[in-house]
Amino acid sequence: MDDHVSAIWEEFGELVAEYRMLRFATIGRDLQANLLAKLDDVHQRSIALKLDAVRSDDEEGANGLLCLARCVDVFRSELLMWLALRDEDAHAAWENLLRAQDAARDALQAHPRGRGFESDFERLQVIEHLVFPPQGYTSLGLVARSSKCSICGGEYGECGHISGRSYMGELCSRILNEIEIREISFVFNPANKHARITAISDRGIMRDTLTWQPTVSEDSTTNS
């Protein structure tokens with residue numbers, strides 16, 4: 001088992017070197033697509049090895065392989081972002097950027113090995129601000145009457161698991177129940193970038209916030 005884990009990390013290290021050469025908008029589509037196929041293969045094998053580690057009760061190995069799988073997700077998603085931009089699909093590109101950022105956060109939480117790729121992860125923030133226009137978001141103010149632990153299903157706060165930590169290859173999260181929404185705010189630096197304002201009014205025309213292309217005019221909305 002340890003030999004297989006060491007081998008897949010070494011293979012991933014070689015792919016990281018390739019990724020750092022190919023992670024740019026001007027790189028040929030075929031080169032990026034070929035690297036995506038290699039990353040997909042490593043991802044599938046890392047998940048299979050993680051399941052073996054769980055069956056062997058090897059928490060350190062399982063958490064390390066979770067980290068590896070999420071690192072692969074970061075690099076896959078960034079490459080898919082560049083490919084979507086080349087196809088002029090701004091929304092798919094944005095969603096892939098967010099997937100990369102989410103996966104980077106998970107990788108850093110899953111295992112200390114994730115910190116070896118912090119500079120790659122930080123680059124995603126630079127891409128967001130240089131490639132995409134500034135976006136606005138909504139943020140919910142809410143109250144949860146109870147919450148459950150995603151690891152054991154028990155009442156969160158009483159089970160001993162901590163949100164954001166990894167346990168046997170899974171990240172703990174707090175699942176909120178009986179939610180009451182108190183307010184909705186408009187923000188520019190949200191905790192959740194998926195809650196994005198997708199269109200805004202510009203002199204009677206609704207425009208896409210990523211492309212600035214017209215979506216539907218306010219007049220046609222009113223008359224319909």
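The values are calculated or read from the model by the stated rules, or taken from the named source; none is laboratory data. Being a predicted model, the structure only gives us computed values, none of them experimental. So basically every Cβ, Gly included, is an ideal-geometry build from the backbone, and we count neighbours across all protein chains shown.
Please verify whether residue 74 is in a helix (DSSP H, G or I), closer than 30 Å to residue 210 by Cα and among the β-branched types (Val, Ile, Thr), treating the condition exactly as stated. So residue 74 fits the description; yes. The sole residue among 160, 164 that is touching a helix residue (DSSP H, G or I) at 6+ places or on another chain (Cβ under 7 Å) and not in a helix (DSSP H, G or I) is 164. Taking each residue of segment 75-99 that is in the same structural domain as residue 209 (by TED's automatic domain parsing) and looking for partners that are at pLDDT 95 or above and not in a helix (DSSP H, G or I) with beta-carbon atoms closer than 6 Å, six or more apart or interchain, yields nothing.
Taking segment 113-150 as the range and being free of Cβ contacts under 8 Å to residues at least 40 places away in the same chain and under 30 Å from residue 58 (Cβ atoms) as the test, the residues that pass are 115, 116, 118, 119, 147, 148, 149, 150. Of all residues in segment 159-174, those being exposed (fewer than 15 other Cβ atoms within 10 Å of the Cβ), touching a residue at least 12 places away in the same chain (Cβ under 8 Å) and touching a Gly at 6+ places or on another chain (Cβ under 9 Å) number 0.
Each row is one residue, and each column tells you yes or no for (1) within 22 Å of residue 95 (Cα to Cα); (2) surrounded by 16 or more Cβ atoms within 10 Å (Cβ to Cβ).
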{"site": "107", "(1), (2)": "yes, yes"}
{"site": "136", "(1), (2)": "yes, no"}
{"site": "141", "(1), (2)": "no, no"}
{"site": "144", "(1), (2)": "no, no"}
{"site": "157", "(1), (2)": "no, no"}
{"site": "182", "(1), (2)": "no, no"}
{"site": "192", "(1), (2)": "yes, no"}
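If the condition is being closer than 24 Å to residue 166 by Cβ, surrounded by fewer than 21 Cβ atoms within 10 Å (Cβ to Cβ) and out of contact with any Ser or Thr (no Cβ under 6 Å at 6 or more places or on another chain), then segment 78-105 contributes 98, 101, 102, 105. Just one of the listed residues (140, 171) is within 19 Å of the chain's Cα centre (by Cα) and not small (Gly, Ala, Ser), namely 171.
Here residue 31 fits the description: of a type outside the set (D, E, K, R), part of a helix (DSSP H, G or I), loosely packed, with under 15 Cβ neighbours inside 10 Å and modelled with pLDDT of 95 or more.
Hey, can you tell me all the residues within segment 165-176 that are of a type outside the set (S, T, N, Q) and modelled with pLDDT of 95 or more? Residues satisfying the conditions are 165, 167, 168, 169, 170, 171, 172.
Residue 130 passes every criterion in (1) buried (at least 16 other Cβ atoms within 10 Å of the Cβ); (2) at negative phi apart from (1). Number of residues in segment 169-184 that are among the polar types (S, T, N, Q) and assigned to a loop (DSSP other than H, G, I, E, B) equals 1.
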